[in-house]
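The values are calculated or read from the model by the stated rules, or taken from the named source; none is laboratory data. This is a predicted model, so every value here is computed, not measured. Cβ: placed from backbone, ideal geometry, glycine included. Neighbour counts: every protein chain shown. These area figures cover heavy atoms from the full protein model, side chains too; ligands, DNA and RNA do not enter into them. Shrake-Rupley method; radii C 1.70, N 1.55, O 1.52, S 1.80 Å.
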Amino acid sequence: MITNMKAREKIMNSELENDGRERINVHLITQSGGGFSEEIVILAGTRLADFVRDRDITGDFLVAVNRETQSADYIIQAGDRISATAHSVKGAI
């Protein structure tokens with residue numbers, strides 16, 4: 001899935017470079033559990049729901065921005081740190 005996301009990011013970034021619209025940098029905290037983040041370039045004015053959909057974050061996840069839950073209509077700001085954490089872990093009681 002990570003490889004697919006990386007390829008999709010490259011395509012999205014090349015499309016963003018050519019459309020002349022304002023872009024911002026945000027950080028997506030990886031789901032590997034190490035607390036690392038990757039910098040992602042997105043269009044200014046992107047809604048959180050669109051960001052999640054475009055990155056194929058599916059399933060039962062809690063999506064947070066800067067460690068706080070936000071509505072799907074939240075407009076992502078430059079420098080935001082976005083994380084997606086599974087609500088339940090397989091095998092947990």
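What the table below lists for this structure:
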quantity	calculated
Long-range neighbours under 8 Å by Cβ, at least six apart or interchain, first residue acidic (Asp, Glu) within the range 63-90, second open to solvent by 70 Å² or more (accessible area, probe 1.4 Å) and not in a loop (DSSP other than H, G, I, E, B)	ASP73/ARG47
Contacts under 6 angstrom Cβ, first residue in the range 37-54 being at negative phi, partner aromatic (Phe, Trp, Tyr), 6 or more apart	LEU48/TYR74
Selected residue (criterion: surrounded by the most Cβ atoms within 10 Å (Cβ to Cβ)) from residues of the range 37-84 that are at pLDDT below 90 and closer than 16 Å to ASN25 by Cβ	ARG55
